[in-house]
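First up is the structure itself, then whatever we jot down about it.
Computed from the coordinates by the stated procedures, all read-outs in this text should not be read as laboratory data. Here the structure is a predicted model, which means the values were calculated and not measured. All Cβ positions, even for glycine, are placed from backbone atoms using ideal geometry, and neighbour counts span all protein chains on display.
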Number of protein chains: 2
Amino acid sequence: MTDILAGITVLDLSRVLAGPYAAMLLSDLGATVIKIEQPSVGDEARGFGPFINGVSGYFVSVNRGKKGVTLDLKHPRGREVFLRLAQKADVLVENFRTGAMERLGIGYGALSAANPRLIYLSLTGFGRTGPRSPDPAYDMIIQGMSGIMSVTGEPSGRPVRVGTSIGDLSAALFGVIGVALALFRRERTGKGGLVDIAMLDSLFSLLENAVMRAAVEGAPPAPLGTRHSTIAPFDVYPTKDGAMVLCAGNDVLWGKFLDVAGRPDLKGDVRFSSNRLRCENVEALTAVITVILSERTTAEWIEVLRAADVPAGPLNNVADAMRDPQIIARGMLSAIEQPGAGTFTVAGSPVRIDDEPPPAPKPAPALGEHTEKVLKDMLGMGEGEIGELRKEKAI
Amino acid sequence: MTDILAGITVLDLSRVLAGPYAAMLLSDLGATVIKIEQPSVGDEARGFGPFINGVSGYFVSVNRGKKGVTLDLKHPRGREVFLRLAQKADVLVENFRTGAMERLGIGYGALSAANPRLIYLSLTGFGRTGPRSPDPAYDMIIQGMSGIMSVTGEPSGRPVRVGTSIGDLSAALFGVIGVALALFRRERTGKGGLVDIAMLDSLFSLLENAVMRAAVEGAPPAPLGTRHSTIAPFDVYPTKDGAMVLCAGNDVLWGKFLDVAGRPDLKGDVRFSSNRLRCENVEALTAVITVILSERTTAEWIEVLRAADVPAGPLNNVADAMRDPQIIARGMLSAIEQPGAGTFTVAGSPVRIDDEPPPAPKPAPALGEHTEKVLKDMLGMGEGEIGELRKEKAI
């Protein structure tokens, strides 16, 4: 069921990436997500390119399917309207710096008193506790601090950034896990709760065995380019027309590879007769494989290796990946028809429950597009009150 | 509440990484996780280094806190015991290739008929549908196919691997989201369900706006080393004693940086007077910042920049990150006292609910360590039957 969160209302106060992405995942799963933005200003991501007819593709890609409401949280009447919305909501997502919501008088304490069933997701750079808690952070700061850049890059080069904003995105994923678990608990206890997710914690936890290796080996792991630390062959190799990935790391797969390659004679080569030896002699191994693979094209190799059940695959760029038959068959590419702009192509949700097809993506909201409708539908507000709020610039 | 999943029983049939990591997250959150392994063989990750006294740190790091049961699923009596366990379980996690569980007679259809409340998490390289569905995959294959490597690396270099197994880990995170949502739904409907997560879908979805950019711009995005595509300064720069990250991407932060740097004269430099211009003149900008930052050490810069609220941070290796005061204050480092081996240091869970401290990590199981106890406690099995199963090598 792709609408597993049907009936759940999410208030999304967040900007740019971690919060919007978390709320987008909830929207993709059927929740009604109301994005609340500052009147006439809005999420700064509305100004991030590329654009089609002035509409930000960046904004559309992570705010699809949400309803857009403007509300000035620094205005007393704006804050009062917000509190009424929070009383009707199930989940709140925010990614302000620690303490900002409290300074507005709408921190977790106040909201939870007004609505004990509310689940409050706080996404910050450093979390709500600890010495760095109030510090500003961006994905790049967190990638640098977490250690993930130090294991990414060429062995002889400098650390490089993971090419997607994995600091924001990993926090969003852990945040959605926290929200889903809190929803599960609320069914049993009737109570909401506070989910406190730090980008730094999230990315650090994804280092997983690198942390253990640094402690056991007494030295931090180094970047290995495209190679695996303890399995070989498990790398990128050149082919006749490009490059490809080959993972024949155990002895059975290595033997199958040599058969497909027409080099069964190498099965007797003592330098390569176990994974340990292949790792120890990885330069000689790479040289041998490079000679073999350069004889055919990537597509030819992948076809024969797949037929022999030897794990192999292309080294795709993003456009290649978007043309991949498996990506297309899984419905992972979605076209959003954005009014006034045109078609934006985005990656769909990877969560498949009960073999249901992925949801059809909906457009992102214009700034304040649904303000009146939401105030009427959720709060039963009349035209008069809405007019007053507008006059006072509270909405 | 760190034990938000207390009372939930998970059967973990998985090996190596994606499945074990997903089940570990469930264990960290309070679930009882029973890891089921092939008698006398076990999870192949038990053979992955580094080791302390012959115990695999790799295995301990992602199987901490689980109970260990051996069961031969190809033996009729082993399968029968498994079915009885599945009738008592809430969640099953497996990462065999698509179709393998069906060939054993314990696919989702059979298990769901035996226990309609069961939530079944399938983690595969390519998902349960589509042309590549049955193909073998490893993290490296998925990193190559998804496009993430094509945006990671130096602009002048070749694509590099993200230095953590992000293909496995992202699938695990989406899998836990699916399981948590299915638990939520089960509270309302009484019914379990099938969660079908593909590593390729998961990693492709994390490309997020790169997919949109490839479509809008008509060309795939290229790797940028440490730089951001549309914000400047947002990069790694050398300092007197190393390198650091500086993110002063909007005009206010850029002005603050120049004040801290003692270079307010540069506020009038037309090459740098807006983010767009700083991006257009990024080489000149980098040269100017490099001269400024090379005058002090990383620690000195971070102190003064943080005092001025300018986002900046160190470029840590994994050992540096493990010493970071914020990582330590958040309880993100855990020491596991593994019997017969010693202390393994691992990254803790980043999910904080209701300000509860992170769970104390428990050791990983030896192969079959809890077989008898689990069969007695969960199935009420007697010594006689357990002895027979052992004699027949079914456990």
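Below are the figures for this structure:
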{"read-out": "Elements of type helices (runs of 4 or more DSSP H) in segment A:148-263, at least 1 residues being within 26 Å of the chain's Cα centre (by Cα)", "value": "A:166-189, A:199-205, A:209-217"}
{"read-out": "Qualifying position, being among the small types (Gly, Ala, Ser), without any contact (Cβ under 8 Å) to a residue 12 or more places away in the chain and closer than 20 Å to residue B:228 by Cα, among B:153, B:147, B:157, B:163", "value": "B:163"}
{"read-out": "Of all residues in segment A:123-169 being among the hydroxyl-bearing types (Ser, Thr, Tyr) and facing chain B (nearest Cβ under 7 Å), the one that is surrounded by the fewest Cβ atoms within 10 Å (Cβ to Cβ)", "value": "A:129"}
{"read-out": "Condition broken by residue B:211, with the remaining ones in (1) facing another protein chain (nearest Cβ under 7 Å); (2) under 16 Å from residue A:143 (Cα atoms) satisfied", "value": "(2)"}
{"read-out": "Qualifying residue in segment B:179-194 (condition: under 27 Å from residue A:206 (Cα atoms), β-branched (Val, Ile, Thr) and facing chain A (nearest Cβ under 7 Å))", "value": "no"}
{"read-out": "Close pairs from segment B:36-49: first within 13 Å of chain A (Cβ to nearest Cβ), partner aliphatic (A, V, I, L, M), Cβ under 7 Å, at least 6 apart", "value": "B:44/B:16; B:45/B:16"}
{"read-out": "Output for segment B:355-386, where each listed residue is of a type outside the set (A, V, I, L, M, F, W, C), under 21 Å from the mean Cα position of the chain (by Cα) and farther than 30 Å from residue A:98 by Cα", "value": "B:362, B:363, B:365"}
{"read-out": "Segment A:98-127, residues that are touching a helix residue (DSSP H, G or I) at 6+ places or on another chain (Cβ under 9 Å) and of a type in the set (Lys, Arg)", "value": "A:117"}
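Residue by residue, here is whether (1) on the phi < 0 side of the Ramachandran plot; (2) within 10 Å of another protein chain (Cβ to nearest Cβ) holds:
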{"position": "A:291", "(1), (2)": "yes, no"}
{"position": "A:294", "(1), (2)": "yes, no"}
{"position": "A:318", "(1), (2)": "yes, yes"}
{"position": "A:324", "(1), (2)": "yes, yes"}
{"position": "A:347", "(1), (2)": "yes, yes"}
{"position": "A:355", "(1), (2)": "no, yes"}
{"position": "A:364", "(1), (2)": "yes, no"}
{"position": "A:368", "(1), (2)": "no, no"}
{"position": "A:395", "(1), (2)": "yes, no"}
